[in-house]
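Here is the structure we will look at.
Read the figures in this text as sums done on the coordinates, not as results from a lab. What you are looking at is a predicted structure, and each value in this text was computed from that prediction instead of being measured. Cβ placement follows ideal geometry from the backbone for every residue including glycine, while neighbour counts extend to all protein chains displayed.
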Amino acid sequence: MAAKGLDKCFFSLRLLRNLQLRNERLVSTSACRLVDDKFIPPSKPVIIDKTQSVASLRKFLSPEFVPPRQRTNPLKFSIERKDMIRRRKVLNIPEFYVGSILAVSMADPHASGKANRFVGICIQRGGKGLGATFVLRNIINNQGVEICYELYSPRIQSVEVLKLEKRLDDNLMYLRDALPEYSTVDPDMKPVPFSPTGEVPVNNIKVRMRPKPWSKRWERPKFNIQGIRFDLCLTPEKMEHAQKWAEPWREYDMLKEYDTSKLEEHLLDEFQQEMSK
Amino acid sequence: MDRSQPKEGTTYPPVPSATLLHILEPLPQFGLFNIQQRHLEKDLSTFKKKEKDLTSNLKDDSAHAWLQSQCHEYSETGRVLCVFFIFAIVMALPQLARSLTGLFVETSSIIHQRAFSVSAVAAAIQKMTRVRVVDNSSLGNTPYHRAPRVIHVYTKNGIGKVGDKVLLALKGQKKKALIVGHKMPGKRMSPRFDSNNVVLIEDNGNPTGTRIKVPLPTHLRKMEGDYSKVLAIASSFV
């Protein structure tokens, strides 16, 4: 879509230049020399299109497009994907990861001005297909608030990424048990500019936790969390004790293998074709 | 109940905290000591009264049992304080010094865990849940040795969600309250709070306090008629 727009820009630029040249030729050269001794070339028009953000040139397929490995008919998933693309043509859902800071504006009959804006850090992306959700967390007036938004809900009016970044984990639910400074996001934050090409910045922050008990035993290998500073809250004996729940045979479990690389490429091509129509 | 932050409007008696800070500084477990300090001061005043009872009633095993029973309501730091106090006093009595070395070892485990278990949220708010009063009423914010608990939920099933009335046992009195947020996840686009929040209310529906600083969920606005005064004192909605 953006490529088309750029093409149109170039075409209009060319037209403008052609018109300029024709006008210069029509005007007599002698008159020009009298007015200007040196030829000052016209400044090149710099078009900054601030209304549309530059589409990401990274190859990114949103995780809810990848169907789970189930016994349901693939037709169901393909129909859902069509509906998802239809919705994405109306509402721009940008690329974001768990750990990025988003601002979501939602239609609310009870809120003042009909729209409800919430800024928060994305702690979880769940669901597949049209029921895909993401949870935003923020701390407002010393009160932690989390809202689970449905990506394809018609109530959502806009989704903006204020800061695009990844974290060391896919699931930041441990932020509920971490110190509140790690979940606070300024609601009037300005969007941090990010490059549309290149790698997504990874924030290697290791979070400090509140004293135990936590809502879940995050030290256990089942959660495989890299982003907590366990050395500050747990003794090495406790870490070893937590390793009792490690299930080292799971990585060799063939029935749990689900290689999505080829499927993802195929889906990405399909997605890009559909979106450019 | 969110214990990491002190309740609004609480005033704590002055305490010679310098010496205690000096004792507790080397412990790495106390990450955010500034926040915990106020809990320290609060718990210290109540413990000073118990000091006198301690020295008279102290026995080997009962001391530990008493500690466990008395300490479970308090924060971890308060408990450690209590232990240090006992330790300081009892160290003077050489007979008991040997028996209480075992106690001292126990303190490190007390630092790490509470003495009660906290299970996952099963159903939003029901009888015996401890709640957090979020308005600025004096009844809700004055410290008491027991957290406010729900003793009755005014719904058909005993489960209270946002917008339901409950009866609280608060400072030895019964008081009605309105639930304005709970820890249990609800509908998809509705907010989920990190604590079970409650606003004290009179029998006619008028709020007891004058301001609510904590954000309220917007779907509370549906009950314009009954609780319009509660919505009027709210400062922000989410």
Work out from phi, with θ = phi - 60° and the Karplus expression 6.51 cos²θ - 1.76 cosθ + 1.60, the ³J(HN,Hα) of each residue of the range B:166-172, listed in order in whole Hz, and give x for Gly and Pro. 9, 10, 10, 9, 9, 6, x
Grab the Cα-Cα distance for A:GLU247 and A:LYS76, subtract it from 0.36 nm times how many residues apart they are, and report the gain in nm with one decimal. 58.1 nm
Using DSSP, restrict attention to beta bridges with both residues in the range A:83-242 and report what percent are antiparallel, rounded to the nearest 5. 95 percent
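Mind ordering B:230-238, A:73-81 by average Cβ neighbours within 10 Å, highest first?
B:230-238, A:73-81
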Per residue of the range A:103-115, in order, report the coupling 6.51 cos²θ - 1.76 cosθ + 1.60 (Karplus, θ = phi - 60°) as ³J(HN,Hα) in whole Hz, putting x for Gly and Pro. 10, 10, 10, 10, 6, 9, x, 8, 7, 5, x, 6, 10
Within 10 Å of each candidate Cβ there may be at most 13 other Cβ atoms; applying that plus a DSSP loop requirement, which GluC sites (Glu not before Pro) in the range A:246-277 survive? A:GLU257
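Counting other C-beta atoms within 10 Å, and keeping those with at most 15, which DSSP coil chymotrypsin sites (Phe, Trp or Tyr not before Pro) do you find in the range A:228-268?
Of the chymotrypsin sites (Phe, Trp or Tyr not before Pro), the ones in loops of the range A:228-268 whose Cβ has at most 15 other Cβ atoms within 10 Å are A:TYR258.
Only Lys, Arg, Asp and Glu count, each charged at its Cβ (+1, +1, -1, -1), so figure out the dipole size of the range A:129-277 about its Cα centre, rounded to 20 debye.
800 debye
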List, in order, the whole-Hz ³J(HN,Hα) value for each residue of the range B:195-201 obtained from phi through the Karplus relation with A = 6.51, B = -1.76, C = 1.60 and θ = phi - 60°; use x for Gly and Pro. 8, 7, 9, 8, 10, 5, 9
At a 10 Å Cβ-Cβ cut-off, how would you order B:HIS145, B:HIS182, B:HIS152, fewest neighbours first? B:HIS145, B:HIS152, B:HIS182
When each of B:LYS127/B:LYS183; A:LYS59/A:LYS277; A:LYS163/A:LYS277; A:LYS238/B:LYS183; A:LYS190/A:LYS212; B:LYS187/B:LYS222 is checked by Cα-Cα distance, pairs over 23 Å: A:LYS163/A:LYS277; A:LYS238/B:LYS183; A:LYS190/A:LYS212
Under 5 Å from the placed amide H of B:HIS152, counting only residues 5+ away or on other chains, we find B:LEU167
